[in-house]
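One structure is given below, encoded as structure tokens.
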Amino acid sequence: MAGIPHPRPLSRARERGERDSGVLVVERVGDENGPVGVVEYELNRGWLTVRFIALAKAYRGWGYGSEAVRLVEEWAVREGMAERFRAAVALRNGLGLYFWLRLGYRPVSREENEAWRVETLEHRMAMVREVA
């Protein structure tokens, strides 16, 4: 797996403490066939939110999505950009819920949602993970 995130901000927004976002390409090391997926993220006040993750059908179920999320998290921690992570999963998406649970995410409680002002979307469950 390749696609280590660029170590510098792609915009100046993060340097000013504003929101920053980007899309990272998921590739396989040594594979000349091109990208196998994408991860869209947003950084804001110490949070990294995974907005969207998609893999080509042939590459689903092989761990590429999990590895991509782990690489993004490691990059964010190493660069001092985030230590809290979140994602949202559709309430009817059991496989999606399982995906985030396997990565150590958990559902946000009502109290945390109010304290952290986690964005809530209708028919979606907010999932979070904090680095100790």
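The values are calculated or read from the model by the stated rules, or taken from the named source; none is laboratory data. Computed from a predicted model, the values in this text were never measured in an experiment. No Cβ is skipped: glycine too gets one built from the backbone with ideal geometry, and neighbour counts run over all protein chains shown.
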Elements of type helices (runs of 4 or more DSSP H) contained in region 62-122, each with 1 or more residues being at pLDDT 90 or above and either buried (at least 18 other Cβ atoms within 10 Å of the Cβ) or in contact with a Ser or Thr (Cβ under 7 Å, 6 or more places away or on another chain) (or both): 64-78, 94-102
Selection count, region 22-72, where residues are more than 16 Å from residue 88 (Cα to Cα) and of a type outside the set (A, V, I, L, M): 21
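The rows are residues; the columns are (1) assigned to a loop (DSSP other than H, G, I, E, B); (2) under 19 Å from residue 59 (Cβ atoms); (3) modelled with pLDDT of 90 or more.
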| residue | (1), (2), (3) |
| --- | --- |
| 4 | yes, yes, no |
| 8 | yes, no, no |
| 11 | yes, no, no |
| 24 | no, yes, no |
| 31 | yes, yes, no |
| 40 | no, yes, yes |
| 48 | no, no, yes |
Test: residue in region 27-41 that is touching a residue at least 40 places away in the same chain (Cβ under 8 Å) and more than 14 Å from residue 87 (Cα to Cα): no
